[in-house]
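Structure first, commentary second.
The values are calculated or read from the model by the stated rules, or taken from the named source; none is laboratory data. Owing to the predicted nature of the structure, the values given are computational and were not obtained by experimental measurement. Ideal geometry is used to build each Cβ from the backbone, glycine not excepted, and the neighbour counts take in all protein chains shown.
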Amino acid sequence: MFTAFRTAKPSQFLKGATGDWEIIIGLEVHAQVASNAKLFSGASTTFGNAPNHNVSLVDAAMPGMLPVINAECVAQAVRTGLGLEAEINLKSVFDRKNYFYPDLPQGYQISQYKNPIVGEGVIRLDMPDGEVVEVGVERLHLEQDAGKSIHDQSPTHTYVDLNRSGVALMEIVSKPDMRSADEAKAYVSKLRTILRYLGTCDGDMEKGNMRADVNVSVRRPGGELGTRCEIKNVNSIRFVGQAIDYEAHRQIGILEDGGSIDQETRLFDPGRGETRSMRSKEEAHDYRYFPDPDLLPLEFTRAYVDELKAHLPELPDAKKARFIADYGVTPYDAMVLTLERASADFFEAVAKGRDAKLAANWVINELFGRLNKEGHGIDASPVSADQLGGIVDLIVDGTISGKIAKDLFEIVWAEGGDPRVLVETRGLKQVTDTGAIEAAVDAVIAANPDKVEQIKVKPTMAGWFVGQVMKQTGGKANPQAVNEILKAKLGLD
Amino acid sequence: MTDLTALSIAEARDALARKDFTAVELTEAYLAAMAAARPLNAYVLETPERARLMAAASDARRASGEVGALEGIPLGVKDLYCTEGVRTTACSRILDDFTPPYESTVTTNLWADGAVMLGKLNCDEFAMGSSNETSAFGDVINPWRRKRPDGSIDPTPLVPGGSSGGSSAAVAAHLAAGATGTDTGGSIRQPAAFTGTVGIKPTYGRCSRWGIVAFASSLDQAGPFARTVRDAAILLKSFASVDPKDTTSVDLPVPDYESAVGRSIRGKVIGIPKEYRVDGMPEEIEALWRQGIDWLKAAGAEIREISLPHTKYALPAYYIVAPAEASSNLARYDGIRYGLRVTGDDITDTYERTRAAGFGSEVRRRIMIGTYVLSAGYYDAYYVRAQKVRTLIKRDFDIAFAAGVDAVLTPATPSSAFGIGEKSGGDPVEMYLNDIFTVTVNMAGLPGMSVPAGLDAKGLPLGLQLIGRPFDEETLFQVAEVIEQAAGRFTPDKWW
């Protein structure tokens, strides 16, 4: 599987006692397919129902029950494949992965082993330094989730909840193309963004709807690949980073002490920030994969794929490129604006017919900043795109200053309302009446003769005067007009 | 009143229509016969109350002018079929007193057509066996017994064949007008041959497998037992359907099979595969085969020698594919959700104790074989190769059919019924060899039928097998009826 040999940048190397090391990372992400029913049964996938509420006869593996493929899950997998610019396999095969566990009622998981529904694709990562890192996708396949074993409800018994049993998962396997924890985190984040754009997975890692198995190995820069360890079921982007950092240092420590790495499956313990062994290669299951004889090979036509493709939404990379081209925003701003489809839509609604750079500023700095602080998503924003657009309009047409706009934003955030009406009723309108400004300037000059003397030798004092005038006018004076009048009255050029 | 249980389904259907008797009366006759035949051990559960209710409901429907294709016909159901509210065990201890809250699609079809359920029929555990000796409920006794050369009766109990041994015995002994069976490697055709009954395994996909306890999913197929070819045709019409719950069932119209019965076979090409002449085959079987050929020739069929060169690999390949699928299909019997549980020290111990106690030795053997052939390092050498053989077997038939062959005639079994215990003691392969003529049909997914063709020197029934093109069961009924007409029908003398 290790076929990619991109060498990390020296800045990504880990320094060991005996020299530099390079980390090689591959990810297997399990993403729950967004669908109302399970992969092979009609049972509901609603989260939060009472234990064993979402269970059909098929999910409980009653005798004589047979799986029937859910067409919507197939469509979702194809959409995802298209979103990853991947090869779609018109014929794929479901296999049985056999093992015993109480939360696996059939005694096997239906998965796709040799012939997955989606082949090779690519995900582009936008790194903070502006670099774009391409990570290969090896494959995507459909499989059933298992149920949940609950060990902490009784000292003597384990309880089993089959609500999750049979829910459709997409396992998306990357190539070992990542070279740092940051790249791995960016990969999960970007994949999550793409899935959410497509509507094929909600990406909710807290609910376990997206989780990652992280394969980590280390090598001397550009050298022979090392033995990898797989860290199972890491359920947040932050933990992905922590697990990789810990694991890479652990492996380097062993190698530098003259030891060797055992190929094994490990668990990440978020409490202690470390990984620990779960089972070694010798203890690995023999899953006895074979094609599921209850299911015919999954086949569909090119026309079916084309039809799904025609209805795909615009994806983050394309949207980002368009924002840069059409709105003139910076690549970084474009990346931030397109992280979520709803945010991008919000931005476009604000930017349409307005100064796009100003709109981007307000959306990113004021709105996103505030939403992040409050822990809200864009969907829960108390300020609508119309309202924010109204504020931008008021700035552009000179009705309010940027400073007042911030106050106005606070009012709209807290109380709602039409910004233009608020400006009138709250008396926030910018004073452009030169008479009123002149009066204020005169008052400030009269009250501060010492400062008037000082400014003659130190013209940078002008800022202090502007501040005083703004104070006098309650911030409503047009700063441009204040500047000009001040300059004239103080005899500055 | 004459013995109502002696009537064929077609005869009973017509008599019920003439109101000669009621469905309740017919059902009572069968219930009485079942009660008197308990030494045969054909039924593992009799459901007389349900039968009486269903029969009464049938009479009520008839009175209101609503008459289904099987209106009032009493049937037995192999215990592999899940029946709602009625214990279903696959004749295994592991299912204990499992009572499904659902009804298999095939039996749903039968009841929808007006049939009456008499009870659940014995079979080999999980349908794994060729003699009904692996059942947790004990052996079924074949209603047929050997005659000694002097004409006296040898009381040695004989097997009814397997795995559908309860079905074959019940139909032969008039304990049901017809019965359901399942056939994974010959489990309908071999017991039919051993009991002088007609059994058909339809094309894979013709009947839904939903609600039938799985043995080997790619080979299992439901089918009927009956006393006449016509009855089998009537039953199959009700069995067959496309089922959205079984995606391997096929969406093709179900023909009126009964109308094929009695149609001339003039001009039909019957293939005789030379590879079915196996070493050590009794001369009686050879003679029966020749007799069958002569009957068909006399009826105007063209007889053509054909070659199915991969036949000899079918049995070993079958005993890889079937156990492989079974080892996985039977993993769900783990003592966690239903059926037997023997609690151990931890979960692994519980699995081991439960499955050791719940599965009989033949089932355990096949799970072990299946697990082995699917293991890493052996998968390609066994399972993948067996699947390749399967493709070649199917191709052999495709070539013959493409060359104009309409049906293939072979012996159904290499011998007549043997004694209980005669083959179950030592080498399991000796038992497996019983399926030598029948497994190819499952491997190729084709329809196959066993029709009684005569008695051997010991007075035991022998059958001939007809193999057809995919979904051409009509030709099988057509040709089988010619054999039936020539050979006559065979009924055991009642001794129980």
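List of remarks:
- Per-region count, the stretch B:204-227, residues basic (Lys, Arg) and within 7 Å of another protein chain (Cβ to nearest Cβ): 1
- Of all residue pairs spaced 6 or more apart or on separate chains, those with beta-carbon atoms under 7 Å, a first member in the stretch A:92-112 that is at the interface with another protein chain (Cβ under 10 Å from one of its Cβ atoms) and farther than 30 Å from A:VAL305 by Cβ and a second member that is part of a loop (DSSP other than H, G, I, E, B) and of a type in the set (Val, Ile, Thr) are A:PRO102/A:THR158; A:PRO102/B:ILE336.
- Checking the stated criteria, B:ALA317 turns out not to satisfy the condition of being assigned to a helix (DSSP H, G or I), aliphatic (A, V, I, L, M), within 14 Å of chain A (Cβ to nearest Cβ) and crowded, with 17+ Cβ neighbours inside 10 Å.
- Selection within the stretch A:44-68 - aliphatic (A, V, I, L, M) and away from chain B (no Cβ under 14 Å): A:ALA50
- Here A:LEU337, A:LEU296 are screened, and the one residue that is without any contact (Cβ under 8 Å) to a residue 40 or more places away in the chain and closer than 30 Å to B:CYS207 by Cβ is A:LEU296.
- Filtering B:THR89, B:THR134, B:THR83, B:THR99 for residues that are over 25 Å from B:GLU352 (Cα atoms) and among the hydroxyl-bearing types (Ser, Thr, Tyr) leaves a single hit, B:THR83.
- Strands (runs of 3 or more DSSP E) wholly inside the stretch A:135-212 that include at least 1 residues being in contact with a Pro (Cβ under 7 Å, 6 or more places away or on another chain): A:148-150, A:159-161
- Flag for A:ILE123 being buried (at least 20 other Cβ atoms within 10 Å of the Cβ), in contact with a Lys or Arg (Cβ under 6 Å, 6 or more places away or on another chain) and away from chain B (no Cβ under 11 Å): yes
- Among the candidates B:ALA136, B:ALA115, B:ALA51, B:ALA57, residue that is away from every other protein chain (no Cβ under 12 Å), more than 23 Å from the chain's Cα centre (by Cα) and not aromatic (Phe, Trp, Tyr): B:ALA57
Each row is one residue, and each column tells you yes or no for (1) buried (at least 24 other Cβ atoms within 10 Å of the Cβ); (2) assigned to a loop (DSSP other than H, G, I, E, B).
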position	(1), (2)
B:VAL140	yes, yes
B:PRO143	yes, yes
B:PRO149	no, yes
B:PRO160	yes, yes
B:SER163	yes, yes
B:HIS174	no, yes
B:ALA179	yes, no
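- Of the residues in the stretch A:485-493, at least one is at negative phi and at pLDDT below 80.
- In the set A:ALA477, A:ALA440, A:ALA436, A:ALA414, only one residue is over 30 Å from A:ARG341 (Cα atoms), hydrophobic (A, V, I, L, M, F, W, C) and surrounded by fewer than 16 Cβ atoms within 10 Å (Cβ to Cβ); that residue is A:ALA436.
- Scanning the stretch B:264-308 for residues that are touching a residue at least 40 places away in the same chain (Cβ under 8 Å), part of a strand (DSSP E or B) and not aliphatic (A, V, I, L, M) yields B:GLY271, B:PRO273, B:ARG304.
- Checking B:PHE471, B:PHE437, B:PHE490 one by one, the residue that is buried (at least 24 other Cβ atoms within 10 Å of the Cβ) and in a loop (DSSP other than H, G, I, E, B) is B:PHE437 and no other.
- When every residue of the stretch A:110-121 is checked against the conditions, none turns out to be outside the structural domain of A:ALA318 (by TED's automatic domain parsing), touching a strand residue (DSSP E or B) at 6+ places or on another chain (Cβ under 6 Å), farther than 28 Å from B:ASP79 by Cβ and among the basic types (Lys, Arg).
- Extreme residue, farthest from B:SER218 (Cα to Cα), among residues of the stretch B:239-263 that are of a type in the set (D, E, K, R) and part of a loop (DSSP other than H, G, I, E, B): B:ARG263
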